[in-house]
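A.B. asks: Mind looking over this structure? Questions follow.
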Amino acid sequence: MSERPVVLVAGASRGLGLELVRQFADRGWTVIGTVRDVTRAHELIRLEGERPDRVSIKALDIAKPESVAALKAGLGGERLDVLYINAGIMGPTHHDPRRVTDAEFEELMLTNALAPIRLAEALLGNLRDEKSVVVFMTSQLGSILENDSGDYDLYRASKAALNSLTRSFVARLRSPRPTVLSLHPGWVKTDMGGAQAPLDAPTSVAGMIDIVERARGAGGHRFLDYQGKEIPW
Ligand SMILES: NC(=O)c1ccc[n+]([C@@H]2O[C@H](COP(=O)([O-])OP(=O)(O)OC[C@H]3O[C@@H](n4cnc5c(N)ncnc54)[C@H](OP(=O)(O)O)[C@@H]3O)[C@@H](O)[C@H]2O)c1
């Protein structure tokens, strides 16, 4: 068994997830990165090649229960110190509830709100102990209190739903209870964030890993940005 702490990053093919794998490995963690299509995860395959002792790749579509079940079976008794659920989508570019199709809304809510909770529930038994941390990658846009502009309606709704489901998940937890974090990465230059975003992925991810490392064993559930600033629900 590995002596290094182990983190599983769900949604590690690109963007923040890929950077999370890179930086956790740089800090000495054993990292399991999951991707939907293992044959197309070229950057992650390169990282695994450079760091075969620290980085491994597994397949996972978080929105498909059979894929979650296969991941769980593949993990067997592997213990996780951190479960980092990063995968997410933006939904239709118009963000307009008057135009969204039922199928588009379903995909957005399933991927961003329900699937992360189902994955956390499925892997609860793999968490090492009460010092373990479960991270949900949410967004400041999921804050109901801070929603004064009303834009990004659909994406906001999906992350607000994730936050609500996370609070219920936390309330249901029984001993040993992991620490739970709902993290906002900032507005970051990725495929999702776009080139005009003010933050780069390495800066955002360094801040979030600092928070995760400090949170081990702290207990509770917090909604924080990448700099550790509390965000109102
Ligand atoms: N960038 C920002 O400014 C920002 C701000 C706030 C919150 N966030 C959140 O941060 C997280 C990462 O965002 P990002 O900017 O890195 O986005 P990104 O560049 O679009 O990457 C999204 C990642 O999620 C994966 N993914 C999507 N649906 C999936 C599914 N069904 N199963 C498994 N993996 C799936 C993608 O895999 P594929 O390659 O297979 O599509 C990809 O690895 C998301 O939850 C996002 O909502 C981002």
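A.B. asks: Run the simple label-point estimate for D148 and S175 please: 7 Å along Cα→C-beta, distance reported in nm.
C.D. replies: Calculated label separation equals 4.5 nm.
A.B. asks: Separate question: With a Cα-only, solvent-free Debye model of the chain, what are the log10 I(q)/I(0) values at q = 0.10, 0.13, 0.17, 0.18 Å⁻¹?
C.D. replies: Values, matching the q order: -0.42, -0.73, -1.33, -1.51.
A.B. asks: Through the Karplus equation 6.51 cos²θ - 1.76 cosθ + 1.60, θ set to phi - 60°, convert the phi angles of the stretch 150-159 into ³J(HN,Hα) values in whole Hz; use x for Gly and Pro.
C.D. replies: Rounded to whole hertz, the list is x, 7, 6, 3, 6, 4, 3, 4, 5, 7.
A.B. asks: Give the angle, between 0 and 90 degrees and rounded to the nearest 10, that separates the Cα long axis of helix 15-26 from the longest principal axis of the Cα atoms of the chain.
C.D. replies: Rounded to the nearest ten degrees, it is 30.
A.B. asks: I'd like the Kirkwood hydrodynamic radius of the stretch 1-138, using the inverse of the mean 1/r over distinct C-alpha pairs, in Å.
C.D. replies: Hydrodynamic radius (Kirkwood, Cα pairs) of the stretch 1-138 is 15.5 Å.
A.B. asks: Based on the Cβ-Cβ distance of A195 and H42, what FRET efficiency does E = 1/(1 + (r/R0)^6) give at R0 = 30 Å, to the nearest 0.05?
C.D. replies: Calculated transfer efficiency: 0.90.
A.B. asks: If you don't mind, there's one more thing I want to ask. Just to be sure I understand the model, the point goes 7 Å from the Cα along the line to the Cβ. What's the resulting R167 to K72 distance in nm?
C.D. replies: With each label placed 7 Å out from Cα toward Cβ, I get 2.7 nm.
A.B. asks: In the structure displayed, which of K64/K159; K72/K229; K64/K189; K189/K229; K64/K229 lie more than 25 Å apart, Cα to Cα? Could the numbers behind the result be given before it?
C.D. replies: On the way: K64/K159 19 Å; K72/K229 33 Å; K64/K189 28 Å; K189/K229 20 Å; K64/K229 33 Å.
Distance filter (> 25 Å) returns K72/K229; K64/K189; K64/K229.
A.B. asks: Hey, what number do you get for the chain at 222 nm if only DSSP H runs of n ≥ 4 count, each worth -39500 (n - 2.57), divided across all residues, to the nearest 500?
C.D. replies: -11000 deg cm²/dmol
A.B. asks: OK, next. When Y152, Y226, Y84 are ordered from fewest to most other Cβ atoms inside 10 Å of their Cβ, what list results? All intermediate terms of the calculation are to be shown ahead of the outcome.
C.D. replies: Working: Y152 16, Y226 21, Y84 30.
Final ranking by Cβ density, sparse to dense: Y152, Y226, Y84.
A.B. asks: With no solvent and one point on each alpha carbon, what is the Debye value of log10 I(q)/I(0) for the stretch 85-163 at q = 0.12, 0.17, 0.18 Å⁻¹?
C.D. replies: -0.38, -0.68, -0.74
A.B. asks: Here's another thing I want to ask about it. Could you work out how far apart the two model spin labels at A122 and W233 are, taking each label as a point 7 Å from the Cα in the direction of the beta carbon, and quote it in nm?
C.D. replies: 2.7
A.B. asks: Ranking L173, L71 by Cβ neighbours within 10 Å, fewest first, what do you get?
C.D. replies: Details: L173 14, L71 22.
Lowest to highest Cβ neighbour count: L173, L71.
Bear in mind these aren't lab numbers, they're just calculated from the coordinates by the rules spelled out. A quick note: this is a predicted structure, and the numbers were derived from the prediction, not measured. So basically every Cβ, Gly included, is an ideal-geometry build from the backbone, and we count neighbours across all protein chains shown.
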